[in-house]
Amino acid sequence: MAVWRTWLLALLAVAVWFLSVYAQTPPAPRGADAPATQFSALRAQRLLARLQGPAKPHPAGTPENAAVHDRLQRELAALGVKTTALSRMSCYYGARWSAIECARITDIIAQVAPGRGKAIVMMAHMDSVPAGPGAGDDGAGVAAIVETIRALKARGPLGRHPILALFTDGEEYGLLGAEAFVREASWCARIGVVINMEGRGSSGRSLLFQTSPGDGHLIDLYAHAVPRYASSSLFGEIYRFLPNDTDLTPMLRAGLPGYNFAFVGDVANYHTPNDTLANLDPRSLQSHGDNLLALMTALERTDFATLKGGDAAYLDVFGLWLPRLPAGWMLPLALAVFLVIVLSGWWQYARLTRLGPGLRAGVMPLLLLAGCVGAGFALHAIAAAISGSSDPSFAHPWALRLALAFGVWAVFLPVAGLEHFRVLGNHENALPLCLVAVPDGVGSASVPTPHTFPGTAFGTGAVACWLWLSGLGVIIAALLPGISPYFVFPSLIAAATLPFATSRPALLLLPALAALVVWLGLLVQGEELLGLVAHPLFTVPAAFALMALLPLLPRLKRRTVFIFATTSTVLAVILAIVAGILPPYSASHPQRLNLHYVEQGGRSWWAVDPVHRLPPRLRAAADFSAKPQLLPGIGTFFVAQAGNARFPAPSAEVRRDGDLVRLRLHGSAADGMMLEIPADAGLVSVAIGGREFALRPRGAFTIACATRECRDAQIVVGLKAAPTLTLVEQRFGLPFGGARLTAARGRAAVPSQFGDTSLLSAHLTIPAR
């Protein structure tokens, strides 16, 4: 019977995992015959097909980009919406990128509805990366906004707040359209709140992953408006530390409140030629539109003054419930919960004649966490070593997913089996708490157990487990309150149930179930966001989920524990080996691999991104170096000789006046220009595109001008030293001879981001002051 109860607990965890996966499923798309007042994914899908036209990449400054602009303006005109174009050279300084990005951009501003006071702004970007047509990033956002405009107009006069739609340009080159809009004071002053629609894949729910600071009322509005939730304050907390930005970033820097939505499933298509309408899940488009239309409707009835407040701490439960509290409450609540559980533990351990079992019990959760993390790294290392890829599960995640699951279970059983525990019921000599450590061989003569809970023989004890979870909740609430709900909310249930579990031990299942729901839900979301290459995102949440199950594990014989653990370990290793044998990439989940033609110093090379392992066919197509090599000022690549230089090198007129160095660039057929400034240059300022930037970079610095107008750009840099700079002329595509390399790349690899490029470089010697 104990064995069956063990597997029932395992099945419970698996069931919660499946429910979490199901909760990630977007809603069914509404058809083109849906009521005019509703958002229809099929209508938006047909609109997107018209906007994309031949579905070519359309980065800022290209003829394809201008064609998308024209098609969008015709669609808006058909809806009776007046548009205004904002065209200029825009620059954005990203301190964490150590770069200034510039380009000629053209934003389209649509005046959807009049009103009084500040405006609600719907925002998405029109441009794509050079490598792909951008159906998901961000054609879906553009189409969702236009279909929302149509639905809002079908609902009749709105009137309380003005409504604008901002279609930005140059987002992929560094948030340039949003930056230009914010710097235009006459437009920025009109904004009351912003909703940004983004995409980082081709499927999944529309996830609210970022809000402006002081988001408590924004989250309340979201909770009351949207039909299904997909959000957590954890996302925003982590997003602050990632080197990622969207068009909402300049808006937040301007102090504007806002929401940021994106779907993130099938990230394999993101920024590649596979980001097509055919690969875009219409259910994700429906989820995008449901969120946008619902929030627009709610914001139209809202006084924007009420949106200002404190931060919220929250998470969604299966998309159906959004428990939330003010972030400022989390630390006091975490401390109170911890103290309740500490008092429970003190009441228990103060009556033990020996503290050894209790102290050993307290170590068990830490061992579980360390063991699960170790198992995750070990199994991933096995698969990676066999496959020769740092992400062996990219194309076929099932094998490594199962390997990690069995690996975690293999750790869980022995850790739980290191100590025996029993539940004590109400008895005149019994301790008035739920769980007491009882070493092997100690029977009822030593500690009365007239109401022993029959399901709990092995485990670390509820108090020990929840002391760890609630204690971590205190630390996290103090440092990163957005993450604290994952610890504090289940611990709150534990604090409420532990005092009553003496007479009703089954109550221990309630906090355990809460922990399973929140932690396995995070596990599923983590895999969707980053995949199993971030294996700690699998094993760490799994460990916290199973930690709450430890007190519920029944007594098992040591031989049974050994058999179960050994079997799970063997299965985990076998599955890790299978994950390594399976091809890491496929036509539907290809490797990101850019090809380059590089000229420098009168010589030329074919260059390939420094991936973990070069595809054999590609390596055979040219005499590529065995290891990546540095091309100064360009980057590190696998390289193969391509003969003498074929094209004229870029150049610049250089004139120095004290610390100021004036450069006028010349690129004969450039799609963009880059100036690389070394760390020892003493860079203090940059002036470009009508903007001036005061700088103190810690290392090398890049000035990138990404459109064709940059061929003759003028740049003024403040330099303390007389360095040698590297000027790079960038052209889309490869010259003659590159077709054989493109063919050798195969169907299991694709260009991404800037795609295949030709890079012509020259060194500029800066005279001394």
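Observations, loosely collected:
- Meets criteria (free of Cβ contacts under 8 Å to residues at least 12 places away in the same chain and open to solvent by 20 Å² or more (accessible area, probe 1.4 Å)) for Leu325: no
- Within the option set Ala642, Ala669, Ala626, Ala620, being part of a strand (DSSP E or B) and small (Gly, Ala, Ser) holds for one residue only, Ala642.
- Single match in Glu147, Glu198, Glu184, Glu172 (criterion: surrounded by fewer than 24 Cβ atoms within 10 Å (Cβ to Cβ), of a type outside the set (Val, Ile, Thr) and in contact (Cβ under 8 Å) with a residue 60 or more places away in the chain): Glu184
- Those residues of the range 88-110 which are open to solvent by 20 Å² or more (accessible area, probe 1.4 Å) and either without any contact (Cβ under 8 Å) to a residue 40 or more places away in the chain or in contact with a Leu (Cβ under 6 Å, 6 or more places away or on another chain) (or both), in sequence order: Ala95
- Count of the range 672-712 residues which are among the small types (Gly, Ala, Ser) and part of a loop (DSSP other than H, G, I, E, B): 6
- Filter result for the condition that a residue is at pLDDT 95 or above, among the charged types (D, E, K, R) and open to solvent by 20 Å² or more (accessible area, probe 1.4 Å), over Arg354, Arg283: Arg283
- Test result for Pro257, touching a Ser or Thr at 6+ places or on another chain (Cβ under 7 Å), touching a residue at least 12 places away in the same chain (Cβ under 8 Å) and open to solvent by 10 Å² or more (accessible area, probe 1.4 Å): yes
Here's the yes/no breakdown for (1) part of a loop (DSSP other than H, G, I, E, B); (2) small (Gly, Ala, Ser); (3) modelled with pLDDT under 95:
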{"residue": "Pro365", "(1), (2), (3)": "no, no, yes"}
{"residue": "His380", "(1), (2), (3)": "no, no, no"}
{"residue": "Phe421", "(1), (2), (3)": "no, no, yes"}
{"residue": "Pro432", "(1), (2), (3)": "yes, no, yes"}
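- Residue in the range 499-509 that is free of Cβ contacts under 8 Å to residues at least 24 places away in the same chain, open to solvent by 40 Å² or more (accessible area, probe 1.4 Å), in a helix (DSSP H, G or I) and touching a Ser or Thr at 6+ places or on another chain (Cβ under 9 Å) present: yes
Condition check ((1) open to solvent by less than 10 Å² (accessible area, probe 1.4 Å); (2) in contact with a Pro (Cβ under 6 Å, 6 or more places away or on another chain); (3) modelled with pLDDT of 95 or more) across all residues:
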position	(1), (2), (3)
Ser202	yes, no, yes
Leu221	no, no, yes
His224	no, no, yes
Ser232	yes, no, yes
Glu237	no, no, no
Pro243	no, no, no
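- Qualifying positions in the range 556-582 - of a type in the set (Lys, Arg) and either part of a helix (DSSP H, G or I) or surrounded by 19 or more Cβ atoms within 10 Å (Cβ to Cβ) (or both): Arg558, Arg559
- Residue in the range 695-712 that is modelled with the lowest pLDDT, counting only those that are within 20 Å of Asp659 (Cβ to Cβ) and open to solvent by less than 20 Å² (accessible area, probe 1.4 Å): Leu695
- Screening Tyr585 with (1) over 30 Å from Val463 (Cβ atoms); (2) out of contact with any Pro (no Cβ under 8 Å at 6 or more places or on another chain); (3) in contact (Cβ under 8 Å) with a residue 24 or more places away in the chain; (4) open to solvent by 70 Å² or more (accessible area, probe 1.4 Å) gives one miss only, at (4).
- Single unsatisfied condition, Arg116 versus (1) open to solvent by 10 Å² or more (accessible area, probe 1.4 Å); (2) touching a residue at least 60 places away in the same chain (Cβ under 8 Å); (3) among the charged types (D, E, K, R): (2)
- Residue within the range 187-195 that is β-branched (Val, Ile, Thr), more than 21 Å from the chain's Cα centre (by Cα) and either surrounded by fewer than 20 Cβ atoms within 10 Å (Cβ to Cβ) or closer than 19 Å to His161 by Cβ (or both) present: yes
Results for (1) surrounded by 19 or more Cβ atoms within 10 Å (Cβ to Cβ); (2) at pLDDT 95 or above; (3) of a type in the set (A, V, I, L, M), shown as yes or no for each residue.
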site	(1), (2), (3)
Arg5	no, no, no
Val16	yes, yes, yes
Leu19	no, yes, yes
Pro27	no, yes, no
Arg46	no, yes, no
Pro59	yes, yes, no
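- Residue match in the range 551-560 (condition: hydrophobic (A, V, I, L, M, F, W, C), under 30 Å from Gly388 (Cβ atoms) and either touching a strand residue (DSSP E or B) at 6+ places or on another chain (Cβ under 8 Å) or in contact (Cβ under 8 Å) with a residue 24 or more places away in the chain (or both)): no
- Residue list for the range 226-250, restricted to those being within 17 Å of Glu172 (Cβ to Cβ) and in contact (Cβ under 8 Å) with a residue 12 or more places away in the chain: Pro243, Asp245, Thr246, Asp247, Leu248, Thr249, Pro250
- Residue that is nearest to Val684 (Cα to Cα) [pool: residues in the range 645-661 that are open to solvent by 60 Å² or more (accessible area, probe 1.4 Å) and assigned to a strand (DSSP E or B)]: Leu660
- Any hit, the range 716-728, residues being under 27 Å from Asp169 (Cβ atoms) and open to solvent by 40 Å² or more (accessible area, probe 1.4 Å): no
The values are calculated or read from the model by the stated rules, or taken from the named source; none is laboratory data. Everything numeric in this text was worked out from a predicted model, so none of it was measured. All Cβ positions, even for glycine, are placed from backbone atoms using ideal geometry, and neighbour counts span all protein chains on display. The accessibility values were calculated without ligands, DNA or RNA, using every heavy atom of the protein model including side chains. Shrake-Rupley method; radii C 1.70, N 1.55, O 1.52, S 1.80 Å.
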